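The values are calculated or read from the model by the stated rules, or taken from the named source; none is laboratory data. What you are looking at is a predicted structure, and each value in this text was computed from that prediction instead of being measured. Reconstructed Cβ throughout: ideal geometry from the backbone, glycine too, with neighbour counts over all protein chains shown. Note: accessible area is taken over every heavy atom of the protein model, side chains too, but ligands, DNA and RNA are not part of it. Shrake-Rupley method; radii C 1.70, N 1.55, O 1.52, S 1.80 Å.
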Amino acid sequence: MSMNSFGHLFRVTTWGESHGPALGATVDGCPPGVPLDAEMLQVWLDRRRPGQNRNTTQRNEPDAVKILSGVFEGQSTGTPIQLMIENTDQRSKDYGDISETFRPGHADITYWQKYGIRDYRGGGRSSARETAARVAAGGVAREAIRALVPGVEIQGYMVAMGDLEIDRSRFDRDAIERNDFWIPQGPEVARQWEEYLQDLRKAHDSVGAVVEVVARGVPAGLGAPVYGKLDTDLAAAMMSINAVKGVEIGEGMAAARLRGTQNADEIYMGETGPEYSSNHAGGILGGISTGQDLVVRFAVKPTSSILSPRKSIRKDGTPIEVITKGRHDPCVGIRAVPVGEAMMACVVLDHLLLHRGQVGGNRGRIG
């Protein structure tokens, strides 16, 4: 069984460990003729790259991606695309003390219980370092989407971190790329978020976050009943990201508190087709895209690697207090933003290809 792959027609397999010589992704199913080179992918990896500011881990990895196959003379060939990112700043000695110990909040104990073997150097495959490969694959997906359906835009941002939440009445899309937290708010809010996070870091603690990812310009008709729903695959993709513990589509959990008269998005006929009064559905009805924005949110748990002592046990069952050394994100949700964007891109492309293969184009005419 292969548990390191996702997707149907556009299929991604990630490989490698946090402290191994390299990690990467094998991308199969990318259409031929898509303009592609390493610089196009590097743009997205640079957004996720560690060590760029004091609010993320100080592990300093260039995350330089290499394309080993599947691209010739600047275009995809339709054959598997092999992507590689070398690890250059790993410090495995930081983890020597926990080789026989299970860190609370980490997958150490479950990996050991399942496999009887464990790569304790930074968590191996369970490390968030694995997500660099997803971002590289997402870069391929973005370029393929651009070639197939120009105008699709995918953007992620943080909407909450611990006790802090954005003010949606002051939502500023242009501000997202201008602060360390990917929040759609002005610089004064970003400063408040930084002070909050630095106080937690000084207290040897960490905090969780909520990330929202929106895909605009996605055509209607993507997805299929009953087990091929677009929201099913989006939820699975986001939940597969390391440290994610919850996923919402559209109104999400809040829909349980609404009445039908509030939740049902009313439909009108516009100049170019159907239009909706609201988007509680998150752009998906019956598992099929409506043509509205796709809206997905996911919750990221607090970083488990903290300098505060936590009780645990060793492999032999004896008790121990654990302090996790090394360089870690005080809020892993910050660097999860480009990862969520990458997963959105992979799923949207996959469903574009599935839709094209099944029906070619939308068959139901309106107006």
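A few notes on this one:
- Note on the chain: with charges restricted to the Cβ of Lys and Arg (+1) and Asp and Glu (-1), its dipole about the Cα centre is near 920 debye.
- Angle in degrees between helix 187-202 and the longest Cα principal axis of the chain, rounded to the nearest 10: 30
- Dipole-positive endmost among Leu353, Ile288, Ser305 within the range 284-367 (Cβ charges, Cα centre): Ser305
- Distance violations [Cα-Cα > 28 Å] among Lys66/Lys301; Lys66/Lys325; Lys202/Lys311; Lys66/Lys229; Lys114/Lys245; Lys202/Lys245: Lys66/Lys301; Lys66/Lys325; Lys66/Lys229
- Helix 333-358 vs. the chain, principal-axis angle (Cα, 0 to 90°, nearest 10): 40
- Structure-based [θ]222 nm, the chain - -39500 (n - 2.57) summed over DSSP H runs of at least 4, per residue, nearest 500: -8000 deg cm²/dmol
- In degrees, nearest ten, helix 38-48 long axis to first principal axis of the chain (Cα): 60
- Taking label points 7 Å from Cα along the Cα-to-Cβ direction, Glu321 and Arg173 give a separation of 5.1 nm.
- Candidates Ile334, Ile320, Ile85, ranked by Gaussian network fluctuation over the chain, Cα under 10 Å, top entry: Ile320
- Rg(Cα) / (2.2 N^0.38 Å) computed for the range 246-367, rounded to two decimals: 1.62
- Accessible carbon and sulfur surface of the chain relative to its total accessible area, %, 1.4 Å: 52
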